[in-house]
């Protein structure tokens, strides 16, 4: 049996897309949703990871009320949902001992990009 936890967080941030022919080339904002799934093997007292701790950890990498293009990773790379899902996956994996399984980045209620372990 595979065991996992999943949390959902939101943040507000602006971005623009370089070399893009459309309205998203202009600075605009989203209320982004990030869903993080973590695998675990055991619990202590029935708790794998305290949700409060996990939420705080995920929040620490989210650029709330910022222009995502100002983050060094996105000085040249476009801050698309696809690139953000990879970026957050990498940031979370590098900063934790948790087994990060999947990161979803939703830029709207109907569109998301996913980075996950294969």
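Since every read-out is calculated from the coordinates, none of them should be taken as a lab result. In this text, all values refer to a predicted model and were calculated from it rather than measured experimentally. Note: ideal-geometry Cβ built from the backbone for every residue, glycine included; neighbour counts use all protein chains shown.
Quick notes
- Here the relative contact order of the stretch 7-47, from alpha carbon pairs under 8 Å that lie six or more residues apart, stands at 43 percent.
- For the stretch 1-58 and the stretch 63-97, distance of Cα centres in Å: 11
- Contact order for the chain, expressed relative to its length and based on alpha carbon pairs under 8 Å spaced 6+ residues apart, stands at 30 percent.
- Where only DSSP H runs of four or more residues are counted, the chain gives -6500 deg cm²/dmol as its mean residue ellipticity at 222 nm, each run worth -39500 (n - 2.57).
- Mean Cβ neighbour count within 10 Å, used as a protection proxy, ranking 34-46, 7-19 highest first: 7-19, 34-46
- Helix 81-95 and the longest principal axis of the Cα set of the chain meet at an angle near 40°.
- Answer label for Rg/Rh (Cα atoms, Kirkwood Rh) (calculated), chosen among (1) 1.01; (2) 1.05; (3) 0.91: (1)
- Relative exposure of 112, 24, judged by other C-beta atoms within 10 Å (fewest first): 24, 112
- Sorted ascending by nearby beta carbons within 10 Å, beginning with the fewest, 98, 89 become 98, 89.
- Packing-based ranking, highest mean first, of 76-86, 57-67 given that Cβ atoms within 10 Å are counted: 76-86, 57-67
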